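J.: Here it is: the structure, laid out below.
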Amino acid sequence: MFRPFDLIFLQSRFSLWWGGLRRKQAMVHGHAVTYWEGGCGETVLLIHGLNGSTLADFRRLSVALARSHHVISLDLPGFGLSTHVPIQQSVSNQAGFVRDFMEVLCLERAHVIGNSMGGWVALQLARRHPGMVHRLVLTAPAGIRFEHPPLEVFTPEDEEGLRRLLRHICYDPPRLPGWFLRDWLRVVQTRRGAVKEMLASMLTEEDLLDAHLSSMRLPTLILCGDSDRLIPPDTSRRMAVMMPGARLKMIERCGHLLLHEHHSMVLRHVEDFLKE
């Protein structure tokens, strides 16, 4: 049976390989976690979003940054190629895992880029271990209170659920055929448990950072689409006001998937920021 996502993942892996990034594994707490590494220069650590992975979130950005930086992109426990790595899903636990991962790789400090939920994880890492983060880039980040869409948007169960998700994450949602949606649903189901567990943890609000951002003074770039229907743009605006060292770049005619919808613009902003 033809599975289009198998072909997409194969093409993504080849793109990373061709761009100089190699798939590797590190033993953290006795489990092999998957990451991608390549390039030379200052280290940039990439943290993907909910239901994401290196292949889904950072295929293009990691390759572009590896031309001038040492890039490491981690598949968090429960996601991507690290679905087998056990962890009690929460932002704090994922941030702690990233810290331990950095220690295993002897990374004393890095620029950190976090996408969506990964931005929340990056913020938590920077708050608890500020000496490990040089500069922080947040793309469409979560981490403070915001009016979120219905939870079923994050956990689609059928083709209509996927179409609803597309309407929330895309500026101009594509019309995808049923056979493509059915295979996408197969992929989504492989990490549904981790997604639901993480959502349940988020709803407790124990990891929200509203009360902590004012004390975080590290240089921070926040990038957001002006038409994001998943995490409203006002979330990024308020976050930028709360953080003394933050600046905001709002991208026009863009939804939640700014890494894909406006890759070149995002890359330019990130590169300029990292050069400062």
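J.: Among the residues of region 75-83, is there at least one that is modelled with pLDDT under 95, on the phi < 0 side of the Ramachandran plot, surrounded by fewer than 21 Cβ atoms within 10 Å (Cβ to Cβ) and not acidic (Asp, Glu)?
T.: yes
Here's the yes/no breakdown for (1) within 19 Å of Leu185 (Cα to Cα); (2) part of a strand (DSSP E or B); (3) polar (S, T, N, Q):
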position: Met27; (1), (2), (3): no, yes, no
position: Thr34; (1), (2), (3): no, yes, yes
position: Leu46; (1), (2), (3): no, yes, no
position: Leu50; (1), (2), (3): yes, no, no
position: Leu61; (1), (2), (3): no, no, no
position: Gln94; (1), (2), (3): no, no, yes
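J.: Looking for whichever is more than 18 Å from the chain's Cα centre (by Cα) and touching a residue at least 40 places away in the same chain (Cβ under 8 Å) here; the options are Met198, Met243, Met239, Met216. Which one fits?
T.: On inspection, the qualifying residue turns out to be Met216.
J.: Further question on the same structure: Going through region 241-276 one residue at a time, which ones are surrounded by fewer than 20 Cβ atoms within 10 Å (Cβ to Cβ), over 15 Å from Gly114 (Cα atoms) and among the hydrophobic types (A, V, I, L, M, F, W, C)?
T.: Val241, Met242, Met250, Met265 - these are the residues of region 241-276 that are surrounded by fewer than 20 Cβ atoms within 10 Å (Cβ to Cβ), over 15 Å from Gly114 (Cα atoms) and among the hydrophobic types (A, V, I, L, M, F, W, C).
J.: Next up: Is it true that some residue in region 82-98 is out of contact with any Pro (no Cβ under 9 Å at 6 or more places or on another chain) and closer than 30 Å to Arg182 by Cβ?
T.: yes
J.: Of all residues in region 205-231, count the ones that are more than 11 Å from Ile144 (Cβ to Cβ), assigned to a loop (DSSP other than H, G, I, E, B) and modelled with pLDDT of 95 or more.
T.: 9
The values are calculated or read from the model by the stated rules, or taken from the named source; none is laboratory data. Just so you know, these numbers come straight off a predicted model, no measurement behind them. Glycine also receives a Cβ, built like all others from the backbone with ideal geometry; neighbour counts cover every protein chain displayed.
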